[in-house]
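S.K.: Sending over a structure as structure tokens; questions will come in a sec.
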Amino acid sequence: MPPRIAIPVPHSGYPEYAERSLPQYERAVEIAGGTPVRIPLDKTPAAVMNLIERCDAVLLPGSKADVDPAKYNATRNEKTASADTRRDTVDELLLQDAYNMRKPILGICYGLQILNVQRSGTLIQHIESPVNHEAGRKVPVAHMVEVDAGSRLAGIVKATPGLEIAVNSSHHQAADVVGDGLRVVARCPQDGIIEALEGTSPDHFVLAVQWHPERSVENDEPSRAIFQALVDAAQARHGKLKGEFESV
């Protein structure tokens, strides 16, 4: 049975945005051999947990919202967008379950930011840089990213020392102080903005990227590899649990 990947609806207040963006994440998971499971934002926590418990991994997608700066004890910047409390609640449930049950996690764009904040990190509320991090989905390559050669991400995207990968970009915020159990594994070389985080525990797959690999999964091998790594980690966890259950 293919592993089931939980994906929350991207935003509770913009259904047209959610319906445009969510199928891209679902398609990327399907290409990698997984089964995407939509997690609605309008259900009770108990109903959400009932769905989550049957999933093998978590994918936190992008959003039009910004994380409420009160969550990391910061004063709101005038350019910070409104928070999406329904999305926040579901993300918190997903992350609590994933960390408790050691389920693989992949965060994308806003997904990186909410992951970092949930792990007690902070955010840059608005990036001031000559690099256009807000290039948008119509710009296939916004800038380059330098990946830490010793990271899990480097192994996934086949990055060698000194090699940079080209990425798209649609964000105006970024991780600042890194959260507990996370480490920086990629930056934009022009301005140092954090572009990827991963978990420090070797036995728990936790990866988050600031760009949008779901947009380029059809024609870019590193993008496909990121989703393949998530699905493979979910499959491995599923198989391990099945083996433990059958041995009892």
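We did not get these values from a lab; they are worked out from the coordinates using the rules stated. Every value quoted in this text rests on a predicted model; they were computed, and no experiment measured them. Quick reminder, even Gly has a Cβ in these numbers, built from the backbone with ideal geometry, and neighbours come from all protein chains shown.
S.K.: Go through the range 3-70 and name the GluC sites (Glu not before Pro) that are in a DSSP coil and have 14 or fewer other Cβ atoms within 10 Å of their Cβ.
M.R.: Glu53
S.K.: Also, quick follow-up: Quick check: from the Cα gyration tensor, does the range 152-239 come out rounded (a/c under 1.5), prolate or oblate?
M.R.: Taking the square roots of the gyration eigenvalues as a ≥ b ≥ c, the range 152-239 is oblate.
S.K.: Choose one answer from His172, His126, His143: the residue with the largest mean-square fluctuation in a GNM of the chain with alpha-carbon springs under 10 Å.
M.R.: Highest fluctuation of the listed residues: His126.
S.K.: Could you give the size of the charge dipole of the chain about its Cα centre, using +1 on the Cβ of each K and R and -1 on the Cβ of each D and E, expressed in debye and rounded to the nearest 20?
M.R.: Taking the Cα centre of the chain as origin, the dipole is about 360 debye.
S.K.: Sort all Cα-Cα distances of the chain into consecutive 10 angstrom bins from zero, then give the percent of pairs in each bin up to the one containing the longest distance.
M.R.: 8, 34, 40, 16, 3, 0
S.K.: Determine which lysines satisfy two conditions relative to Lys43: a Cα distance under 27 Å, and not lying fewer than 8 residues away in the same chain.
M.R.: Result set, ordered by chain and number: Lys64, Lys71, Lys103.
S.K.: Among Arg38, Arg76, Arg27, determine the one that fluctuates most according to a GNM of the chain built with springs between C-alpha atoms less than 10 Å apart.
M.R.: Arg76
S.K.: Another question about this same structure. In whole angstrom, how far apart do the alpha carbon centroids of the range 1-65 and the range 89-167 sit?
M.R.: 18
S.K.: Could you point to the residue in Thr122, Leu22, Trp211 farthest towards the positive end of the chain's charge dipole, with +1 and -1 charges on the Cβ of Lys/Arg and Asp/Glu respectively?
M.R.: The residue sitting most towards the positive pole is Leu22.
S.K.: Of Lys158, Lys103, Lys64, Lys138, how do they rank once you tally other Cβ atoms within 10 Å and put the fewest first?
M.R.: In increasing order of surrounding Cβ atoms, one gets Lys138, Lys158, Lys64, Lys103.
S.K.: Summing -39500 (n - 2.57) over the DSSP H runs of n ≥ 4 in the chain and dividing by its residue number, what mean residue ellipticity at 222 nm do you reach, to the nearest 500 deg cm²/dmol?
M.R.: Theoretical 222 nm ellipticity from helices: -11000 deg cm²/dmol.
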